[in-house]
Each structure stands twice: as C-alpha cells, then as structure tokens.
Amino acid sequence: MSESSKGSPLAFGQVVIGPPGSGKTTYCHGMQEFMGRIGRTVAVVNLDPANEGMPYSCAVDISELITLSDVMENLKLGPNGGLIYCMEYLEANFDWLQEKLAAFRGHYYLFDCPGQVELYTHHDALKNVFAQLAKWNFRLAAVHLVDSHYCTDPGKFISVLCTSLSTMLHVELPHVNVLSKMDLIEQYGKLAFNLDYYTEVLDLSYLVDHLASDPFFRNYRRLNAKLVEVIEDYSLVSFVPLNVQDKDSMRQVMQAVDKANGCSFGDQEHRSLEALMSAAVGADFHFTSTLAVQEKYVQSQDKTVEEEVMDM
C-alpha cells in the first residue's frame, strides 16, 4: 500500500466500536463466519491491546506491537490511560500497520477496536488511524454496538443516544448504530414502548414524560428535555437490532453496512447468501421488520403506548 490513495486498490471494511461488554469481539467472530459462508474473504484486525483469547482467526494483532499490560507495568498507568497511550503509539507507528495490512490485500476487513468510550467521543488517536486508513483507499463504516437492554431504562437510553451522537460526529465515518444482544433485551426490565420507538428514535418527548414519573428524574426534567432536543435537532441516530446467532439479523446488519461503506454485492456472493438463508427455513429466522424482531424477543404487553402515556 502506498502512502497516497492513488493507484491503491479499494478495500472495504468495518471498524467495530462501542462501550465495554457490548459484544464487539463476538460480533467480529460472528460476522467473519457469516461472510465466509457467503464467499467473502475476511481479515479480522485486532486493535484492542487488552484483548486476550480471541475466538476469531486474527489476521493482524496489535499485541505484536504493544500490549496494555506492558504499558501499565512499565509506565505505571491505569487501564484508561494505558489504552490511550496504546492508541497514540499505534498512531505513531502507521508503517507497522501498513505493512501488516498489505499482506491481506483483497480481503474484507473487520477492525475490532477497544471499548473505551473516550477514544470515540473526544480523543483523536483512533480517529486519526481511521483517517490514515482512508488515505490508503480503505472504504470503512463504523459499526457502533450498544447493549440493547439499555432500552429498558429511559435514563440510560438517553445517555446511549448522546454517546452515539457524539461518536458519530467525532469519528467522521459512515455510521451504523446497532442494538446488540436482542435476545437478552428484557433481561433487566420491560420496554416502555414498542421496539421501533427505540430503533427509529421516534418522538423523544414521550421518553422525557416517562422519566418524569420517577421522583428522582423529575428534578432533572428540563435537563433531559434539552438533551433530547439536541438529539432530535441533529436527527442522525437510529439503530439496527442484532442477534449474532440469527442469520437473517446478521444479514440485515451486513446490508446496512454495505450501503454505508459502498461495498456492492457480486452475483456469486448473492447466490451464496440466498443459499445460506434458505437453510434457515423452518428455523423461525424471519426478520422482515422491527415488528418481527419485537414479536420474537419482546414479551407482549397488556397496555398500549397510549394507555401508558395516559397513566403518567
């Protein structure tokens, strides 16, 4: 790969980002297997210096350059400061990354990134790494994973929306926000509204009203209303629901990412995808809409949204 994009072949891929525990490594493993079965040759690049025991086949591993444990031991830094140092060290060693990636020319790339939120909201190291990849003719989309059970807590969901918006504005890549672990969405409580309310980020004033029913949050109603106003003014955030174990759910996310980064389907790949999906017939893999996702993973509620709003 040359320093300039001129003459370099196009390379497509995803940078998989999100908070700790959101399922980034599991997603990379699942997407690598899914894409492999439809004919894409995938190279997974681990950019998380704290990642150990990776379940996927790793093409490039940042631990060959630097590890978080070494940084913490030698520089006496904590985990957060250590991760920032590791990303700045990677930024200072683009030649290492360029040499490693050159060995996988023609592959589709999955970049498994660290789980420190600050790296995507206001620190520039990873943003600069992504910008350098763009100069090497990489066409990337950011896949931002968020644990779906945050939808069950209105306060946490507003925080997730703010974090997602801040990440989208800072990273400066085509962006796909994903609600991961859909099969566990109601593990910590019931949804106040239908699932499409959260995936499409509909009128958030209902969420503010719902929060106001809690005596603690009632004191912060004006603050929450202003946060919601900022989110709605930008009108950028929406989500794609995902269960990594569901083939059709994976297909929907992959197609959303392909649309974001410009990767187009080949005829052979399309036929392989159809063959893969046909194998799921009779296995109840029929996600045709968010409503279908809700019917599969969210228990039906006795009250409608309108009734719940009237009760508040």
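The values are calculated or read from the model by the stated rules, or taken from the named source; none is laboratory data. Every value quoted in this text rests on a predicted model; they were computed, and no experiment measured them. Here the Cβ is made from the backbone with ideal geometry for all residues, glycine too, and neighbour counts use every protein chain on show. Protein only, heavy atoms only, side chains kept; ligands, DNA and RNA dropped before computing areas. Shrake-Rupley method; radii C 1.70, N 1.55, O 1.52, S 1.80 Å.
Observations on the structure shown:
- Those residues of region 5-63 which are among the hydroxyl-bearing types (Ser, Thr, Tyr), open to solvent by 30 Å² or more (accessible area, probe 1.4 Å) and touching a residue at least 24 places away in the same chain (Cβ under 8 Å), in sequence order: Ser5, Thr25, Thr26, Thr41, Ser57
- Looking only at residues of region 7-62 that are part of a loop (DSSP other than H, G, I, E, B) and of a type in the set (Ser, Thr, Tyr), we find that the one that is farthest from Trp96 (Cα to Cα) is Ser22.
- Single condition Met87 does not satisfy, out of (1) at pLDDT 95 or above; (2) open to solvent by 40 Å² or more (accessible area, probe 1.4 Å): (2)
- Picking from residues in region 13-55 that are modelled with pLDDT under 95 and either of a type in the set (Gly, Ala, Ser) or outside the structural domain of Asp246 (by the TED database) (or both), the one that is farthest from Phe94 (Cα to Cα) is Gly39.
- For Phe138, the test of being in contact with a Gly (Cβ under 7 Å, 6 or more places away or on another chain) and not β-branched (Val, Ile, Thr) is passed.
- Some residue of region 220-231 being touching a Phe, Trp or Tyr at 6+ places or on another chain (Cβ under 9 Å), more than 16 Å from Leu145 (Cα to Cα) and not assigned by the TED database to the domain that holds Met31: yes
- The residues listed here are Phe111, Phe94, Phe104; of these, the one that is in contact (Cβ under 8 Å) with a residue 24 or more places away in the chain, under 21 Å from Asn137 (Cα atoms), of a type in the set (A, V, I, L, M, F, W, C) and open to solvent by 50 Å² or more (accessible area, probe 1.4 Å) is Phe104.
- The one condition in (1) open to solvent by less than 40 Å² (accessible area, probe 1.4 Å); (2) assigned to a loop (DSSP other than H, G, I, E, B) that Leu202 fails to fulfil: (1)
- Any hit, region 85-106, residues being assigned to a helix (DSSP H, G or I), under 30 Å from Asp246 (Cβ atoms) and assigned by the TED database to the domain that holds Arg251: no
- Neighbours by Cβ (under 6 Å, 6+ apart or cross-chain): first from region 204-218, in the same structural domain as Val160 (by the TED database); second among the hydroxyl-bearing types (Ser, Thr, Tyr) and crowded, with 16+ Cβ neighbours inside 10 Å: none
- Which numbered condition Leu161 fails, given (1) in contact with a helix residue (DSSP H, G or I) (Cβ under 6 Å, 6 or more places away or on another chain); (2) farther than 19 Å from Pro20 by Cα; (3) buried (at least 17 other Cβ atoms within 10 Å of the Cβ): (2)
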